[in-house]
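This report concerns only the one structure given below.
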Amino acid sequence: MEFMRDFPDDKTCLEWLWNTRYAIGENEAYCPKDGQKTVFKKYETSQQRQSWTCTKCGHHIHPTAGTIFHKSSTSLHLWFYAMYLMSSTRCGISAKQLERELGVTYKTAWRMFHLIRTELMAQDDTQLGGTAPVEIDEMYVGGSRKANRGRRPAHKKIPVLGVVERGGRITAHVVGDISALTLYPWIRKYVRQGSQVMTDQAGTYVNLPYAGFEHESIRHDDGIYVDGDVHTQTIDGFWSLVKNGIKGVYHQVGAHHLQGYLNEYVWRYNHRDDDAGVFLQLILRAAKA
Ligand SMILES: [Zn+2]
């Protein structure tokens, strides 16, 4: 995919939205006012953005209506380019880089990031596990996990719970704390009953069998990280990606923004094998409005 070739300007992006969201064949679309398929004509307005007009009743359709781009003063082309940049790197890019690449203010870059992460990359409630084993682990952003274990986390250290299905999808969420009382409802929400669950030896997880899961744990404190198929290497690998990506910026990242970051990493992970590509999945998601 060559971004500048496929989406050279604002017009191309708008036409892509029109074709994806409304167009039926050459120049027809469903007119909500007439309740039927009619011919629409592209109509150039004095404003920057064009609309398509029903040739029967004059009803206008704006291809951005209902999307995160609609009320934005940032051009559609920059929105698409931002989503392309976010999709095309393994670790993501910073707001500073986005500011530079797009020539927008830092504040605008942040706002775009935030909307893309919270609206387009929001995680769904698909349950993981079943036939494939699941790895569950928690981590802290803002401090090492070891230093926190068994104690109350220090100020600003934000706990995150991750669940990954081996060979499948991942979820990661900011949680209030890592007590069993807090974590078990999350685990029940995201892991299918009866699944085989791999964790480290944290005490929180010892009651998993009573919650309806098959539980295996690995004793990290003994320096053992893999015992046959008992390990948490998949989720550990994901945590290192996240930690490397947010290194140096986490001090200004509140829980709300951290969830956005997690959504972005989860999105890339879950779309890693999509033939259509991460970028296309993202603009299709945006088109769904
Ligand atoms: Zn009409």
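From the list Ala65, Ala132, exactly one residue is at pLDDT 95 or above and of a type in the set (Gly, Ala, Ser). Which is it?
Criteria check complete, one pass: Ala132.
Within region 13-47, count every residue that is touching a residue at least 60 places away in the same chain (Cβ under 8 Å), surrounded by 15 or more Cβ atoms within 10 Å (Cβ to Cβ) and of a type outside the set (A, V, I, L, M).
Total meeting the criteria: 3.
Does region 108-123 contain at least one residue that is without any contact (Cβ under 8 Å) to a residue 24 or more places away in the chain and exposed (fewer than 15 other Cβ atoms within 10 Å of the Cβ)?
No - not one qualifying residue is present in region 108-123.
Applying the selection to region 56-86, what residues are surrounded by fewer than 14 Cβ atoms within 10 Å (Cβ to Cβ) and free of Cβ contacts under 8 Å to residues at least 40 places away in the same chain?
Lys56, Cys57, Gly58, His70, Lys71, Ser73
Out of the residues in region 156-172 that are among the basic types (Lys, Arg) and touching a residue at least 60 places away in the same chain (Cβ under 8 Å), state the one that is farthest from His231 (Cα to Cα).
The qualifying residue farthest from His231 (Cα to Cα) is Lys156.
Could you please find all residues in region 176-212 being hydrophobic (A, V, I, L, M, F, W, C) and either in contact (Cβ under 8 Å) with a residue 60 or more places away in the chain or over 19 Å from Leu128 (Cα atoms) (or both)?
Within region 176-212, Ile178, Ala180, Leu181, Val191, Val197, Met198, Ala202, Val206 qualify.
Somewhere in region 193-211, is a residue on the phi > 0 side of the Ramachandran plot and more than 25 Å from the chain's Cα centre (by Cα)?
yes
I'd like the full set of residues that are surrounded by 19 or more Cβ atoms within 10 Å (Cβ to Cβ), among the hydrophobic types (A, V, I, L, M, F, W, C) and either modelled with pLDDT of 85 or more or closer than 17 Å to Leu120 by Cβ (or both), limited to region 240-264.
Those that are surrounded by 19 or more Cβ atoms within 10 Å (Cβ to Cβ), among the hydrophobic types (A, V, I, L, M, F, W, C) and either modelled with pLDDT of 85 or more or closer than 17 Å to Leu120 by Cβ (or both): Val242, Leu258, Leu262.
Does Pro8 satisfy the condition of being at negative phi and loosely packed, with under 13 Cβ neighbours inside 10 Å?
Judged against the criteria, Pro8 is a match.
With the structure loaded, tell me whether Arg117 is in a loop (DSSP other than H, G, I, E, B), away from the ligand (no atom under 16 Å from the Cβ), under 19 Å from the mean Cα position of the chain (by Cα) and basic (Lys, Arg) or whether it fails that test.
Here the answer is no, as Arg117 does not meet what is asked.
Quick one: which strands (runs of 3 or more DSSP E) lie wholly within region 139-210 and hold at least 3 residues that are at pLDDT 90 or above and farther than 27 Å from Arg117 by Cα?
Counting at least 3 such residues, we get 196-200.
The values are calculated or read from the model by the stated rules, or taken from the named source; none is laboratory data. On a predicted model such as this, the values are computed, not experimentally measured, just so you know. Here Cβ is always computed from backbone atoms with ideal geometry, including for glycine, and neighbour counts include all displayed protein chains.
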